[in-house]
């Protein structure tokens with residue numbers, strides 16, 4: 001089993017504070033990307049959709065047809081800033097610049113994963 005890249009709630013809050021302040025470094029974007037992709041994998045386990053956030057990470061999620069080689073039946077690709085904004089509820093799926101193809105590539109029902117404090121949704125899966 002791959003090692004978890006979930007951050008503690010405190011560490012994630014610190015990374016998000018730097019992102020919100022515009023002082024985030026590449027390492028912050030990488031950590032936030034991994035953390036939020038891990039939350040997605042916990043929320044929607046499976047192998048039928050590959051979510052790619054180059055150059056930082058890719059995960060396979062959502063139950064369904066499993067693929068072992070080559071391009072999966074559904075692919076979602078987006079940049080780190082867009083992924084972080086979607087996963088935190090800052091933008092809606094319909095408003096985001098996302099390259100998505102294949103069945104089940106619409107992730108809108110799974111987002112946001114870790115809304116900002118004070119939002120209507122409660123963060124899920126954030127580490128202790």
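See the values below:
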| quantity | calculated |
| --- | --- |
| Subset of region 96-115 [more than 11 Å from residue 51 (Cβ to Cβ) and assigned to a helix (DSSP H, G or I)] | 108, 109 |
| Test result for residue 36, buried (at least 19 other Cβ atoms within 10 Å of the Cβ), closer than 17 Å to residue 116 by Cβ, in contact (Cβ under 8 Å) with a residue 40 or more places away in the chain and out of contact with any strand residue (DSSP E or B) (no Cβ under 8 Å at 6 or more places or on another chain) | yes |
| Scan of region 46-95 for residues that are assigned to a loop (DSSP other than H, G, I, E, B), under 22 Å from residue 13 (Cα atoms) and touching a strand residue (DSSP E or B) at 6+ places or on another chain (Cβ under 8 Å), ordered by number | 79 |
| Test: residue in region 113-122 that is within 11 Å of the chain's Cα centre (by Cα), surrounded by 18 or more Cβ atoms within 10 Å (Cβ to Cβ) and at pLDDT 85 or above | yes |
| Exclusive hit being over 11 Å from the mean Cα position of the chain (by Cα), surrounded by 14 or more Cβ atoms within 10 Å (Cβ to Cβ) and at pLDDT below 95, set 74, 24, 11, 63 | 74 |
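The values are calculated or read from the model by the stated rules, or taken from the named source; none is laboratory data. Just so it is clear, the structure is predicted and the values come from calculations on it, not from any experiment. Don't worry about glycine lacking a Cβ; one is built from the backbone with ideal geometry, like all the others, and counts go over all protein chains shown.
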